[in-house]
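The values are calculated or read from the model by the stated rules, or taken from the named source; none is laboratory data. Quick caveat, the model's predicted, so the values are computed rather than measured. When we count neighbours, we look across all protein chains shown, and the Cβ atoms used for this are built from the backbone with ideal geometry, even at glycine.
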Amino acid sequence: MPLLGWLLLAGRCRDCSASISCRYPVVKSLSALLWLSTMLVSSGGGGGVEPSLQPWIGLPLVGLLLPLVLIDLDHMWLPESLSAGAFCWA
């Protein structure tokens, strides 16, 4: 829905008409594709983990790593709280 709203509003805020960066729909799309990709892991690609458990391992990992990548691209800095969570989960 957020992507549809961004498209319908032509990349502008509904209240103040300020421009909304095109990064917003790109990140939303990337996030959706990564979350969907956790469901598509083949039975031989899960590192020996039970296939029914693989998405439940991948979802939190994607949820932690995507913000880390985006923060690192912007600031060349990684928050310790997110880094520790991703390290412990992996």
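Data for the structure
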read-out: Cβ-Cβ under 7 Å pairs, at least 6 apart or on other chains, the stretch 63-76 side touching a residue at least 12 places away in the same chain (Cβ under 8 Å), far side assigned to a helix (DSSP H, G or I) and among the aliphatic types (A, V, I, L, M); value: Leu64/Leu82; Leu64/Ala86; Leu65/Ala86; Leu66/Leu34; Pro67/Leu82; Leu68/Leu82; Leu68/Ala86; Leu70/Val27
read-out: So Val62, is it closer than 23 Å to Ala84 by Cβ, of a type in the set (A, V, I, L, M, F, W, C), touching a Ser or Thr at 6+ places or on another chain (Cβ under 9 Å) and outside any loop (DSSP other than H, G, I, E, B); value: yes
read-out: Count - residues of the stretch 2-28 that are aliphatic (A, V, I, L, M), assigned to a helix (DSSP H, G or I) and farther than 16 Å from Gly63 by Cβ; value: 5
read-out: Matching option when the condition is polar (S, T, N, Q), surrounded by 13 or more Cβ atoms within 10 Å (Cβ to Cβ), in a helix (DSSP H, G or I) and at pLDDT below 90, among Ser83, Ser31, Ser37; value: Ser83
